[in-house]
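K.L.:
Shown below is the structure under consideration.
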Amino acid sequence: MSASILPLALENVSYASAGQPIISNVSLRIDAGPSSIILGANGAGKSVLMRLMHGLLAPTSGTVSWREKDRERVRRLQAMVFQRPVMLRRSALANVVYALAVAGVSAAEREAQALAALDEVGLRHLAHRPARVLSGGEQQRLALARAWALHPEVLFLDEPTANLDPGAAREIETVIKAFDAAGTKIVMATHNLGQARRLGDEVIYLQAGCVMERAPIEQFFARPATAEAAAFMKGELPWV
Amino acid sequence: MGLIRSALLVLAFAGAAQAQDKFITVASTTSTEQSGLFKHLLPLFEKKTGIQVRVVAVGTGQALDIGRRGDADVVLVHAKPLEEKFMAEAQGVRRYDVMYNDFVLIGPKSDPAQVRGTKDVAAAFRKVAQAQAPFVSRGDRSGTHFAELEIWKLAGIDIAKQKGPWYRDTGQGMGPALNTAAGMNAYILSDRGTWLSFKNRGDLVIAVEGDRRLYNQYGVMLVNPQKHPNVKAKLGQAFVNWLISPEGQDAIASYRINGEQLFFPNAGN
Amino acid sequence: MGAIAEGLRRVLELDRELWHIVALSLEVSLSAVLIATALGLPLGAVLAVKRFAGRRSLIVLLNSLMGLPPVVVGLLIYLLLSRAGPLGDLGLLFTPGAMIIAQSVLVLPIIAALARQGLEDAWREYEEQLRSLGARELEAAFTLIWDARFSLVTAVLAGLGRAAAEVGAVMIVGGNIDGVTRVMTTAIALETSKGDLPLALGLGFVLIALVLAVNAAAQLVKEAAQRRYG
């Protein structure tokens, strides 16, 4: 088996845009294993932090480094699912095939692997439907299928169910659990407390661009260490 | 640059696939083409020799310049001083008279300068200037334009100095200039051929015709292959020879508009 | 109104000659648009996606070139292709090939500039996802072109409209030679200058009808494809 690309280490990472600080001096270490939930209110900087970790943004100061030094390998073994899924103007199957093509999978194998991924998320019956006419929930599942086909070591999810109704959200959570069961490291940003509880093993609580607290999930919910975290949880109603 | 040349060569073949094997390019004047003479003449020549004649019709000055650039094989124009200059520059092999037609002074029916019916075109021009009646000039270095300038000189008028708002220098071909004159009800010097086929006459009629000084001589020259190696000398010479041959001269004479002969062959002179 | 009817009647009399003029117009303009599209779409895509020094100046230049006067392009190409010019021995002057070259030059900036604008908008939507998947810039650019193909059709049609409508460039480099380089626009110019306005009008309407037909066909294809691909 090849070596893991984890752990991921952020050291004194700051990010500012147009003079406004968004992430301030964050140091974190992401190890393999427990699903990490990045929790925080809107505007706390969760999305930017995710993008810094995934490599879509470069920090203004500080370093983001993986254990694996081969940057190509690091990129290939991660995947990210965004709040709003972005699908190409082609069939659902073709979208997954595209991701495999970009990843360098040989043409002969792409379709089979793509179909398997669609199977995994329960979208096989929509394989030849244009991706853009699928419902929001279906498109998000398709995004997960696309990520699944790539067999990433780390899956970043940026508020994946924020735009979905509870039923669709539940379907997404089922797939995320499947990723977790298959050994993929989950790093997910959400402000949904119930979802955090259902899917996470640890919480990284972010406020105004700073990591306020990091704790195992039950500990965080039972005894939040900071007053800000406690206030945050009082303000949010968890989905049951 | 090499890549561009290759791409253009591909296009050249694409264009050539359309092209005939035997053709020559003749630079001539708009008035000659618009008279319809070429539509009458060229099929006869092509039938006899299999050579397609491609006519680029522009003003005389421009036609001779096309010859100077080597972009045509033969030039057929009607401005003897300019043709002689062309020969003096060794741009042409030999100049031949081909035919002549005539110019007419066109004017409004109302005839503000009172020149209608006179046989002296220089006197007519003088009266137009004195009356300051609207006059449209082609102003485009064409044979017609040069003829007009010559007549001003004959009339004793320095038109460059003496022109006023009545003198409209349009810089256009014969047809558009006639359009302008019709629109302004102005006098204008035109070749008879263009006038005969011109349909948008408005209130204009022929005011002065028949003055010997209105005769317009055409000359043909083969562009000098020594200066321009790409010139199709053999095919071009064949065209020149045909034009001045009895057969070509007859063909020229037989061209008519509404029964009227337009061009009078005079290659023998 | 009578002039229009008269014009159309005269046009129908032209028969074979008209066919040749129409066919040549289509050949020249469609070829030019094909070349300009093949070069312009990638150019627009690269400009939309890649960031490099001088990018903004290049975009401004490209947008300005959309307004290139056709006569100026004609003149420049004429000087290039004339026997007295650098590319004279290609013998392209006064042939349809020269007209295609001139119109390609004229249309390329239009297609590239409009494509760039549309693709830049699309890039904003796709960038994060494509980069997350690991697509390299060039790969992403071509993916964008294919995905944005419906809006790019509009850019191509704009280019076609410009090519079909212009007379300055093709007149100078083609020479309006009867039966060889005479296209609809130069024929209209000729008939107008001869004072034969009804015929010129008739030809004008044929030209408009042609361009309308092409646009209608493109719209139908676009709609059918959109139903299929969403």
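K.L.:
In square nanometres, what is one fourth of the surface area of the convex hull spanned by the alpha carbons of chain C?
P.N.:
15.5
K.L.:
Using only the C-alpha atoms of the stretch A:143-240, find the volume of their convex hull and express it per residue in Å³.
P.N.:
Measuring per residue, one finds 110 Å³ for the Cα hull of the stretch A:143-240.
K.L.:
Could you run the Debye sum over the Cα atoms of the protein assembly as shown, one equal point scatterer each and no solvent, and tell me log10 of I(q)/I(0) at q = 0.06, 0.09, 0.11 Å⁻¹, two decimals?
P.N.:
-0.57, -0.85, -1.11
K.L.:
Take the Cα pairs of chain B, get the Kirkwood Rh, then feed it into Stokes-Einstein at 20 °C and 1.002 mPa s and tell me D in µm²/s.
P.N.:
Working: Rh = 19.7 Å.
D, rounded to a whole number, is 109 µm²/s.
K.L.:
Out of residues 5 or more away from C:I177 or on other chains, whose amide H comes under 5 Å of its own, with H placed 1.01 Å from N in the peptide plane?
P.N.:
The answer is C:R182.
K.L.:
Please report the projected area of the stretch C:126-230's Cα convex hull averaged over all directions, in nm².
P.N.:
Values: hull surface 38.0 nm².
It is 9.5 nm².
K.L.:
What does the average come to when, for each residue of peptide A:69-79, you count the partner chain Cβ atoms lying within 10 Å of its Cβ? Each step should come with its number before you reach the end.
P.N.:
Working: counts 0, 0, 0, 1, 0, 0, 4, 2, 0, 2, 3.
Mean partner-chain Cβ count within 10 Å for A:69-79: 1.
K.L.:
Over the stretch A:1-119, what portion of Cα pair distances is larger than 21 Å, expressed as a whole percent?
P.N.:
Working: 3609 of 7021 pairs.
Roughly 51 percent, once rounded to a whole number.
K.L.:
Okay, next question. Quick one: grab the alpha carbon gyration tensor of the stretch C:1-126, order the square roots of its eigenvalues as a ≥ b ≥ c, and give me rounded if a/c is under 1.5, else prolate or oblate depending on whether a/b is larger than b/c.
P.N.:
Working: a/c = 2.71, a/b = 1.56, b/c = 1.74.
Verdict is oblate for the stretch C:1-126.
K.L.:
Counting only other chains, and only Cβ atoms inside 10 Å, what mean value do you get across the residues of C:194-204? Walk me through the intermediate numbers first.
P.N.:
On the way: counts 16, 15, 6, 3, 2, 1, 0, 0, 0, 0, 0.
Partner-chain Cβ atoms within 10 Å, mean over residues of C:194-204: 4.
K.L.:
Ordered by residue, what ³J(HN,Hα) values in Hz, to whole numbers, does the stretch A:141-156 give under the Karplus form 6.51 cos²θ - 1.76 cosθ + 1.60, where θ = phi - 60° and Gly and Pro are x?
P.N.:
Per residue, the Karplus-derived 3J(HN,Hα) values read 5, 5, 4, 5, 4, 4, 5, 4, 4, 8, 6, x, 7, 10, 10, 8 Hz.
K.L.:
Could you work out how far the C-alpha centroid of the stretch A:131-182 sits from that of the stretch C:33-70, in angstrom?
P.N.:
Going from one Cα centre to the other spans 38 Å.
K.L.:
Using Cα pairs closer than 8 Å and at least 6 residues apart in sequence, work out the relative contact order for the stretch C:1-156, in percent.
P.N.:
On the way: 137 pairs, mean separation 53.8, N = 156.
In percent, rounded to a whole number, it is 35.
K.L.:
Using the 2.2 N^0.38 Å rule of thumb for compact globular proteins, work out how chain A stacks up: its C-alpha Rg over that value, please. List each step's numbers first, then the result.
P.N.:
Details: Rg = 17.9 Å, N = 240, 2.2 N^0.38 = 17.7 Å.
Normalised Cα radius of gyration, chain A: 1.01.
K.L.:
Something else about it: Output ³J(HN,Hα) for the stretch B:233-238: one whole-Hz value per residue in order, computed from phi by the Karplus curve 6.51 cos²θ - 1.76 cosθ + 1.60 with θ = phi - 60°, and x for Gly and Pro.
P.N.:
4, 5, 5, x, 4, 4
K.L.:
Take every residue in peptide B:55-66, count the Cβ atoms of other chains within 10 Å of its Cβ, and give the average of those counts. Working shown, then result.
P.N.:
Working: counts 7, 8, 5, 4, 0, 0, 0, 0, 0, 0, 2, 7.
That works out to 3 on average.
K.L.:
When only Cα pairs under 8 Å and 6 or more residues apart are kept, what is the percent relative contact order across the stretch B:59-187?
P.N.:
Working: 142 pairs, mean separation 35.9, N = 129.
About 28 percent, as a whole number.
K.L.:
Using the alpha-carbon centroid of each, what span in Å lies between the stretch C:79-144 and the stretch B:126-166?
P.N.:
Between the Cα centre of the stretch C:79-144 and that of the stretch B:126-166, the gap is 50 Å.
K.L.:
Here's another thing I want to ask about it. Where the eigenvalues come from the Cα gyration tensor of the stretch A:96-207, what are the semi-axes √(5λ) of the equivalent ellipsoid, largest first, in whole Å? The partial results should precede the final answer.
P.N.:
Working: eigenvalues 128, 56, 25 Å².
Square roots of five times the eigenvalues give 25, 17, 11 Å.
K.L.:
Across the stretch A:184-240, what fraction of all alpha-carbon pairs, as a whole percent, falls in each successive 10 Å bin from zero upward?
P.N.:
In whole percents, the pair-distance histogram is 23, 63, 14, 0.
K.L.:
Still on this structure: If you line up the Cα atoms of the stretch B:97-173 on their principal axes, what length do they span on each, largest first, in Å?
P.N.:
37, 27, 23
K.L.:
Per the helix-only calculation at 222 nm, which mean residue ellipticity applies to chain C, given -39500 (n - 2.57) for every DSSP H run of n ≥ 4 and division by its residues, nearest 500 deg cm²/dmol? Write down the numbers at each step before the final one.
P.N.:
On the way: 10 runs with 186 residues, N = 230.
Helix contribution divided over all residues of chain C: -27500 deg cm²/dmol.
K.L.:
Which percent of Cα-Cα pairs in the stretch C:133-176 sits in each 10 Å bin, short to long?
P.N.:
With 10 Å bins starting at 0, P(r) equals 23, 28, 22, 19, 7, 1.
K.L.:
Let me ask something additional. What does the net charge come to around B:A124 if you take all other residues with beta carbon closer than 13 Å to its beta carbon, with K and R at +1 and D and E at -1? It would help to have the intermediate numbers written out before the result.
P.N.:
Details: positive: B:R116, B:K119, B:R126, B:K127, B:R213; negative: B:D111, B:D120, B:E148, B:E209, B:D211.
That sum, taken over residues with Cβ under 13 Å, equals 0.
K.L.:
Can you grab the distance from the C-alpha centre of the stretch B:177-199 to the C-alpha centre of the stretch A:1-24, Å, no decimals?
P.N.:
Centre-to-centre distance over Cα atoms comes out at 81 Å.
A short reminder: the numbers here are calculations on the coordinates, not readings from a lab. A quick note: this is a predicted structure, and the numbers were derived from the prediction, not measured. With ideal geometry, Cβ positions are generated from the backbone for all residues, glycine too; neighbour counts draw on all protein chains shown.
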